[in-house]
Amino acid sequence: MQSSVGNTDAGKRGMNLTLRIWRQKDPSVKGKMVSYKVTDISPDMSFLEMLDVLNEQLIMQGDDPVAFDHDCREGICGMCGVMINGEAHGPQQTTTCQLHMRSFKDGDKIDIEPWRASPFPVIKDLAVDRRAFDRIIQAGGYISVPTGTAPEAHATPVPKKDSDAAFDAATCIGCGACVAACPNASSMLFTAAKVTHLGLLPQGQPERDDRVVNMVAQQDREGFGGCTNIGECSHACPKGISMETISRLNHDLLGALRAGARPKS
Amino acid sequence: MPLELFTTGEPIADTKAPTDVPIGERWSERRFRGRLVNPANRRKMTIIVVGTGLAGGSAAATLGEAGYKVKSFWYQDSPRRAHSVAAQGGINAAKNYRNDGDSVHRLFYDTVKGGDFRSRENNVHRLAEVSVSIIDQCVAQGVPFAREYGGLLDNRSFGGTQVSRTFYARGQTGQQLLYGAYQALERQIAAGSVEQHARTEMLDLIIVDGRARGIVARDLVSGEISTHFADAVVLATGGYGNVFYLSTNAKGSNATAIWRAHKKGAYFANPCYTQIHPTCIPVKGDYQSKLTLMSESLRNDGRVWVPKERGDDRDPREIPEGDRDYYLERLYPAFGNLVPRDIASRQAKNVCDEGRGVGPGGLGVYLDFAEAIERLGRPAVEAKYGNLFDMYAQITGEDPYQVPMRIYPAVHYTMGGLWVDYDLQSTIPGMFVIGEANFSDHGANRLGASALMQGLADGYFVLPATMTEYLADGPFEKVDDSHPAAVEALRGVQEQTQKLLNINGTRTPASFHRELGQLMWDLCGMERTDEGLRKAIDRIREIRQEFWSNLKVTGDWHSFNQTLEHAGRVADFIELGELMCIDALHRRESCGGHFRAESQTPEGEALRDDENFAYVAAWEWRPEGEPPVLHKENLEYEYVHLAQRSYK
């Protein structure tokens, strides 16, 4: 186990791959695709473990390893995410960390790029800045309930179907694949997931109108594109957030505007 | 014990819990006796909170709501990434919604017993009291807990208890609770009460006139190392399971903040208490970068077994009932598959040591849902555990609806952490420690669904109430960059950072980390011995020496450099690993997750030695070359009768 580079237990099954990876030192310089070869890659490795192998080799050669974001490596933190052969998170509907090399075969050429959207500027190589998502949440993606002010939990029953649907929307991990997959670089699925989650619950009603107009205004300010209902977002979403959330957002937005809600400037 | 490994100092004690009133009144009494800070004065005070998991996120939001100026730090891009997000199973609360005999006292009792009588009664009782408010708070925030058809909250049972008190959101409870705290935090950021420092890592603590007054932190994007000041500092930086390299922690989870605070004077309590979780996906290859947990909730319906005969390599579906050993049901008929984690892990190790393990290398046991699928139907099993089954299939390439899962224990949680008193204040005045980063509530073993409870209890309810006693003496004299303590701390961090880059040896940080992790797993993991621990200490010292003479880190520190980040964390893990082994060596009893082979009952269960070890071991760092000093906090049990734990 000690100081091993590459995979030693896969034996004959190991794959040899050519990687073309976006290298960009920092936001101020232009990036370019650079080719690397990795050998003896086990099909049981995760995609990020394959990149670990590459990086260990690069460090040993004295080269700069490839920067990429990742943390939990179990598909829930939303920190990882790269374009793999032009698809957000690659060929499976999952996070990059949960993509395994059994999805590839010996001799494959794999293009690896960062999310491409101007509201997500590149920090270095494959790592991008997704703080725009946090600012959309700051605009209204919450229920205002200061600590200690809550009523007894059973005071308000919530119909199971509403609660389950709210949960489904709430599983969004904020990875940004929806934006990366969208030809318009729209953040609509991300925003709609939160609007749906909170809007389906009785606790979310008092701020429902303000929430939707402010979150939508913020995503526009961030420079995300408009939604034209293409559906690439939902297709790329590792949590399978449904396009229905976008319908719900539009419904809520229209209702809120009719009722006179206007975004805070 | 040879003198050179440690020395013994003065005992230490908590002086904050009002023990002159009965235990059920202590928390309200403490809040009454503690001084308050009026709203106008809160605006004059700054509090640094490091970490944005359940503890740090909820604390920063709540302190911001209260009117303090909060500075929040985290190393990921967004506070929503903190590893609390990955907690699956649930959160305990003594609501007694099932009318099954639960109460605050029973949750208190179960937690003290589950911790194998090595936790502090006062803290645990408070945790049980506060648990009910957490559920109310989270529901009000819109956390979509599982509900029944009547619209009321559902519960399930978890290891080490006989009631159903666990609230859950499918297999993603931590995610949903974290988003509640995260949204509350973002609301405060928008309101201007919380200042955000994303992708910023704490690298040292600044102490002025004996008080924690700030931190040195590195902006991980620009590389800039700078100082930040406050009237108090809160560490909510999680546990140190990544000492073992392979664990269920996130890759970035690290001990650097607590370790560097320890080196500045904060005592480190019970470092050897680590939780090895019984239900994780087994290791596959030497490239493996982390281990993935399968929620303990699976043990509600899944049955754990191995073949009766060693070397039985038949397809598990073809092994008839009579040739299977459902060893947990056999050994612990009362709790069956729901025994506490430490016991389930150790028994998995035992059957594998007997040669009855399954899968590659014989390091695995089956977790079988065939019976549950037959009893409940596949849709019901999918509804309860669907996301976990999908995750298993994704990682292993096997379909757990068809073939039993294979599981094996993995490092999951650390009960040890920085020592705190009842107010959650460390031995450094003005530095508070909350969540997994402190040691306070779980003794030698944490029960399932109690980590989320503790993180949110500390952050939402306990810390904001206890901190006021300290802050009532503030605001403290203004400190800035020019203060000698700040200059010195900043220079120390810059020098160490440069030193890591200057070595230019031949081994990567990851290679040292893997070597340390394997050593810790082998010799300070599920079973520990005098001989093994001594060997580990010697070897860790060699690894440390080699690290500082043969490390290779590329690039510089004035830019985004993930290899450098990792190197700094590994340097701290190596030192912490040594202290963990010293602690494990000195504690010659078994308790909870700490199993010393020399101390077991005839049935092979952990055998405590209450006469000699009913204490918290709080370690003081000494300057380079001197052994650490042990300070003992005596544990007294007024309300829970000390007994040999039994789940039979």
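The values are calculated or read from the model by the stated rules, or taken from the named source; none is laboratory data. These figures come from a predicted structure and were not determined experimentally. As a convention, Cβ positions derive from the backbone with ideal geometry for all residues, glycine included, and neighbour counts pool all protein chains shown.
For the condition more than 12 Å from every other protein chain (Cβ to nearest Cβ), outside any strand (DSSP E or B), surrounded by fewer than 24 Cβ atoms within 10 Å (Cβ to Cβ) and in contact (Cβ under 8 Å) with a residue 24 or more places away in the chain, B:Gly265 qualifies.
In this structure, is B:Tyr401 surrounded by fewer than 21 Cβ atoms within 10 Å (Cβ to Cβ), at pLDDT 95 or above, in contact with a helix residue (DSSP H, G or I) (Cβ under 7 Å, 6 or more places away or on another chain) and on the phi < 0 side of the Ramachandran plot? Yes, satisfied.
With respect to the conditions (1) outside any helix (DSSP H, G or I); (2) within 24 Å of B:Thr292 (Cβ to Cβ); (3) in contact with a Phe, Trp or Tyr (Cβ under 8 Å, 6 or more places away or on another chain), B:Gln88 falls short on a single one, namely (3).
For the range B:15-25, filtering for residues that are of a type in the set (D, E, K, R) and closer than 15 Å to B:Val640 by Cβ leaves 0. Scanning the range B:503-525 for residues that are polar (S, T, N, Q) and crowded, with 19+ Cβ neighbours inside 10 Å returns B:Thr508, B:Ser511. Which one of B:Asp231, B:Asp219 is among the acidic types (Asp, Glu) and more than 14 Å from chain A (Cβ to nearest Cβ)? Going through B:Asp231, B:Asp219 in turn, just one is among the acidic types (Asp, Glu) and more than 14 Å from chain A (Cβ to nearest Cβ): B:Asp231. Tell me, please, whether a residue that is under 30 Å from B:Arg165 (Cα atoms) and free of Cβ contacts under 8 Å to residues at least 40 places away in the same chain can be found in the range B:61-80. No, that holds for no residue.
Apart from one condition, B:Lys535 fits all of (1) over 21 Å from the mean Cα position of the chain (by Cα); (2) buried (at least 19 other Cβ atoms within 10 Å of the Cβ); (3) basic (Lys, Arg); the exception is (2).
Residues are listed down the side, and each one gets a yes or a no for (1) at pLDDT 95 or above; (2) under 16 Å from the mean Cα position of the chain (by Cα); (3) in a strand (DSSP E or B); (4) closer than 29 Å to B:Gln137 by Cα:
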residue: B:Arg346; (1), (2), (3), (4): no, no, no, no
residue: B:Val351; (1), (2), (3), (4): yes, no, no, no
residue: B:Asp423; (1), (2), (3), (4): yes, no, no, yes
residue: B:Ile428; (1), (2), (3), (4): yes, no, no, no
residue: B:Leu447; (1), (2), (3), (4): no, yes, no, yes
residue: B:Met453; (1), (2), (3), (4): yes, yes, no, yes
residue: B:Leu456; (1), (2), (3), (4): yes, yes, no, yes
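Of all the listed residues (A:Met33, A:Met50), the sole one being more than 7 Å from chain B (Cβ to nearest Cβ), surrounded by fewer than 17 Cβ atoms within 10 Å (Cβ to Cβ), within 24 Å of the chain's Cα centre (by Cα) and outside any loop (DSSP other than H, G, I, E, B) is A:Met33. Inside the range B:538-553, residues that are buried (at least 17 other Cβ atoms within 10 Å of the Cβ) and over 17 Å from B:Glu624 (Cα atoms) make up a count of 4. Would you say B:Leu367 is modelled with pLDDT of 90 or more and either β-branched (Val, Ile, Thr) or surrounded by fewer than 19 Cβ atoms within 10 Å (Cβ to Cβ) (or both)? The answer is no for B:Leu367. If the condition is being polar (S, T, N, Q) and not in a helix (DSSP H, G or I), then the range B:518-562 contributes B:Thr529, B:Thr554, B:Ser559, B:Asn561.
Hey, could you check the range B:168-194 for residues that are more than 7 Å from every other protein chain (Cβ to nearest Cβ) and of a type in the set (A, V, I, L, M, F, W, C) and say which is farthest from A:Gln138 (Cα to Cα)? My answer is B:Leu177. Please enumerate the residues belonging to the range B:373-409 that are within 14 Å of chain A (Cβ to nearest Cβ), in contact (Cβ under 8 Å) with a residue 60 or more places away in the chain and not in a helix (DSSP H, G or I). Within the range B:373-409, just B:Arg406 meets the criteria. Check whether at least one residue in the range B:363-370 is touching a residue at least 60 places away in the same chain (Cβ under 8 Å), among the hydroxyl-bearing types (Ser, Thr, Tyr) and more than 17 Å from B:Asp315 (Cα to Cα), and report yes or no. No, the range B:363-370 contains no residue that is touching a residue at least 60 places away in the same chain (Cβ under 8 Å), among the hydroxyl-bearing types (Ser, Thr, Tyr) and more than 17 Å from B:Asp315 (Cα to Cα).
Within the range B:15-73, if we keep just the residues that are assigned to a strand (DSSP E or B) and among the polar types (S, T, N, Q), the residue that is farthest from the other protein chains (Cβ to nearest Cβ) turns out to be B:Thr46. Only residues that are under 22 Å from B:Tyr75 (Cβ atoms), among the hydrophobic types (A, V, I, L, M, F, W, C) and without any contact (Cβ under 8 Å) to a residue 60 or more places away in the chain were counted in the range A:52-93, giving 4.
Condition test on A:Leu189, is it within 13 Å of chain B (Cβ to nearest Cβ) and in contact (Cβ under 8 Å) with a residue 40 or more places away in the chain? For A:Leu189, the condition - within 13 Å of chain B (Cβ to nearest Cβ) and in contact (Cβ under 8 Å) with a residue 40 or more places away in the chain - is not met.
Of the candidates B:Asp100, B:Asp116, the single residue that is part of a loop (DSSP other than H, G, I, E, B) and in contact with a Cys (Cβ under 6 Å, 6 or more places away or on another chain) is B:Asp116.
Here is a yes/no grid of residues against (1) over 20 Å from the mean Cα position of the chain (by Cα); (2) not acidic (Asp, Glu):
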site	(1), (2)
B:Glu542	yes, no
B:Phe547	yes, yes
B:Gly555	yes, yes
B:Leu564	yes, yes
B:Ala567	yes, yes
B:Asp572	no, no
B:Glu575	no, no
B:Gly593	no, yes
B:Gly604	yes, yes
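Every residue in the range B:330-349 that is out of contact with any Phe, Trp or Tyr (no Cβ under 8 Å at 6 or more places or on another chain) and either loosely packed, with under 15 Cβ neighbours inside 10 Å or touching a residue at least 60 places away in the same chain (Cβ under 8 Å) (or both), please. Those that are out of contact with any Phe, Trp or Tyr (no Cβ under 8 Å at 6 or more places or on another chain) and either loosely packed, with under 15 Cβ neighbours inside 10 Å or touching a residue at least 60 places away in the same chain (Cβ under 8 Å) (or both): B:Arg330, B:Leu331, B:Pro333, B:Arg341, B:Ala344, B:Ser345, B:Lys349. Just so you know, in the range B:563-599 the residues that are in a loop (DSSP other than H, G, I, E, B) and among the polar types (S, T, N, Q) include one that is surrounded by the most Cβ atoms within 10 Å (Cβ to Cβ), and it is B:Ser590. For the range B:520-527, check the following and say yes or no: at least one residue is away from chain A (no Cβ under 13 Å), touching a Pro at 6+ places or on another chain (Cβ under 8 Å), over 29 Å from B:Val221 (Cα atoms) and touching a residue at least 40 places away in the same chain (Cβ under 8 Å). Yes; the residues of the range B:520-527 include at least one that is away from chain A (no Cβ under 13 Å), touching a Pro at 6+ places or on another chain (Cβ under 8 Å), over 29 Å from B:Val221 (Cα atoms) and touching a residue at least 40 places away in the same chain (Cβ under 8 Å). The set of residues from the range B:130-151 being assigned to a loop (DSSP other than H, G, I, E, B) and either within 7 Å of another protein chain (Cβ to nearest Cβ) or on the phi > 0 side of the Ramachandran plot (or both) comprises B:Gly142, B:Pro144, B:Glu148, B:Tyr149, B:Gly150, B:Gly151. Identify all residues within the range A:140-175 that are more than 7 Å from every other protein chain (Cβ to nearest Cβ) and touching a residue at least 60 places away in the same chain (Cβ under 8 Å); write none if there are none. Matches in the range A:140-175: A:Gly140, A:Asp168, A:Ala169, A:Cys172, A:Ile173, A:Cys175.
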